[in-house]
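Asks: Handing you this structure, nothing more for now.
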Amino acid sequence: MTKIAKTQHNLLWNQKKYIEQAQKLLHQYNFEAFKNVRDAFDNYNDATSETSDFINLHYEIDFQISLFQLEKGESFSHHDHPSMSGITNVISGELQIKNYNLVSQLNKSRKVILQGEKKTIRKCTIQEVSDKILAPNSFSSLTTTKRNIHSVISNDFTQLVDIFTPAYNSATRPINYNVDESGFYQNKKGLFVAEYEDFTLID
């Protein structure tokens with residue numbers, strides 16, 4: 001992984017090729033053979049009710065590998081992975097993942113106070129481009145520009161591995177989206193309105 005992850009520094013990074021190479025490597029891994037994975041499996045006790053349990057298996061500046069363990073019904077609501085390419089590999093269980101592309105910014109906003117700070121909540125449109133049920137040894141992927149927003153829900157107790165390139169750091173600011181799924185925007189199938197915080201203080 002270290003070698004192929006460094007291709008992100010190429011002037012023209014072929015993310016599709018990188019995803020394909022990373023998936024081939026993942027097919028070769030028997031994660032249960034790694035001691036830190038076995039320990040995580042053996043010590044699992046659903047310590048965080050209603051949220052997944054998470055550990056980092058490997059971390060470098062160029063990429064990180066993380067293990068998540070989700071009880072049935074646990075989920076991650078709509079969020080992005082800014083300037084990242086990512087792969088989700090299910091080890092056990094079953095997972096539903098929906099992926100979206102950011103389509104447009106709408107000229108609509110509102111002012112709120114979040115945690116004592118004034119913020120702007122903006123609106124955008126996102127297009128659903130994938131809705132997958134992942135079984136063991138199946139994958140979902142995203143790039144910096146395609147499928148980068150997704151939501152996740154476990155249909156059974158599920159163990160999965162995420163690889164993100166580059167790795168998260170202190171400056172990474174993922175965006176959470178509140179998606180209005182009551183109907184399609186302008187009656188276009190799969191197109192939804194979403195709100196998000198733009199992290200900008202209001203004067």
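Asks: With of a type outside the set (A, V, I, L, M, F, W, C), under 16 Å from the mean Cα position of the chain (by Cα) and surrounded by 13 or more Cβ atoms within 10 Å (Cβ to Cβ) as the only criterion, which of 21, 69, 8 stands out? Let's see the steps before the verdict.
Replies: On the way: 21 fails: under 16 Å from the mean Cα position of the chain (by Cα); 8 fails: under 16 Å from the mean Cα position of the chain (by Cα).
Matching residue, one of 21, 69, 8: 69.
Asks: List the number of the failed condition for residue 187; all other conditions in (1) in contact (Cβ under 8 Å) with a residue 12 or more places away in the chain; (2) out of contact with any strand residue (DSSP E or B) (no Cβ under 9 Å at 6 or more places or on another chain) hold.
Replies: Of (1) in contact (Cβ under 8 Å) with a residue 12 or more places away in the chain; (2) out of contact with any strand residue (DSSP E or B) (no Cβ under 9 Å at 6 or more places or on another chain), only one is false for residue 187: (1).
Residues checked against (1) closer than 30 Å to residue 24 by Cα; (2) among the charged types (D, E, K, R):
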site	(1), (2)
133	yes, no
137	yes, no
140	yes, no
146	yes, yes
149	yes, no
152	yes, no
165	yes, no
178	no, no
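Asks: Could you count how many residues in segment 148-169 are in contact with a Lys or Arg (Cβ under 7 Å, 6 or more places away or on another chain) and among the aliphatic types (A, V, I, L, M)?
Replies: Summing the residues that are in contact with a Lys or Arg (Cβ under 7 Å, 6 or more places away or on another chain) and among the aliphatic types (A, V, I, L, M) in segment 148-169 gives 0.
Asks: Now for a different question. Just name the residue that is modelled with the lowest pLDDT out of those in segment 170-203 that are part of a loop (DSSP other than H, G, I, E, B), closer than 18 Å to residue 122 by Cα and within 17 Å of the chain's Cα centre (by Cα).
Replies: Only one residue tops the list, namely 173.
Asks: To continue, here is another question. With the condition kept exactly as written, say whether any residue in segment 43-55 is closer than 26 Å to residue 153 by Cβ, buried (at least 17 other Cβ atoms within 10 Å of the Cβ) and free of Cβ contacts under 8 Å to residues at least 24 places away in the same chain. Can you show your working first?
Replies: If we filter segment 43-55 for residues that are closer than 26 Å to residue 153 by Cβ, which is where we start, we get 43-55.
From what is left, the residues that are buried (at least 17 other Cβ atoms within 10 Å of the Cβ) are 52-53.
Still in the list and also free of Cβ contacts under 8 Å to residues at least 24 places away in the same chain: 53.
Yes.
Asks: Another question, then. Where in segment 1-112 are there strands (runs of 3 or more DSSP E), lying fully within it, with 2 or more residues that are more than 30 Å from residue 198 (Cβ to Cβ)?
Replies: By residue number, 53-59, 64-70, 85-92.
Asks: Moving on. Is it true that some residue in segment 169-191 is surrounded by 13 or more Cβ atoms within 10 Å (Cβ to Cβ), in contact with a Cys (Cβ under 9 Å, 6 or more places away or on another chain) and among the β-branched types (Val, Ile, Thr)?
Replies: no
Asks: Something else: Do we have any residue at all in segment 124-146 that's crowded, with 18+ Cβ neighbours inside 10 Å, part of a loop (DSSP other than H, G, I, E, B), touching a residue at least 60 places away in the same chain (Cβ under 8 Å) and touching a strand residue (DSSP E or B) at 6+ places or on another chain (Cβ under 9 Å)?
Replies: Looking for residues that are crowded, with 18+ Cβ neighbours inside 10 Å, part of a loop (DSSP other than H, G, I, E, B), touching a residue at least 60 places away in the same chain (Cβ under 8 Å) and touching a strand residue (DSSP E or B) at 6+ places or on another chain (Cβ under 9 Å), one finds none in segment 124-146, hence no.
Asks: Keeping to segment 170-203, report how many residues are farther than 28 Å from residue 71 by Cβ and among the aliphatic types (A, V, I, L, M).
Replies: 5
Asks: Considering only segment 131-169, how many residues are under 10 Å from the mean Cα position of the chain (by Cα) and closer than 29 Å to residue 45 by Cα? Even if it seems obvious, please write down each step before you answer.
Replies: Residues of segment 131-169 under 10 Å from the mean Cα position of the chain (by Cα): 140-142, 147-152, 162-164.
So of that shortlist, the ones also closer than 29 Å to residue 45 by Cα come out as 140-141, 150-152, 162-164.
Residues in segment 131-169 being under 10 Å from the mean Cα position of the chain (by Cα) and closer than 29 Å to residue 45 by Cα: 8 in total.
Asks: Separate question: So which residues in segment 149-169 are assigned to a loop (DSSP other than H, G, I, E, B) and within 10 Å of residue 64 (Cα to Cα), if there are any at all?
Replies: 166, 167, 168, listed by residue number.
Asks: Here are some residues: 121, 87. Which one is in contact (Cβ under 8 Å) with a residue 40 or more places away in the chain, crowded, with 19+ Cβ neighbours inside 10 Å and among the β-branched types (Val, Ile, Thr)?
Replies: Testing whether each residue is in contact (Cβ under 8 Å) with a residue 40 or more places away in the chain, crowded, with 19+ Cβ neighbours inside 10 Å and among the β-branched types (Val, Ile, Thr) leaves just 87.
The values are calculated or read from the model by the stated rules, or taken from the named source; none is laboratory data. Quick caveat, the model's predicted, so the values are computed rather than measured. Neighbour counts run over all protein chains shown; Cβ positions are idealised from the backbone, glycine included.
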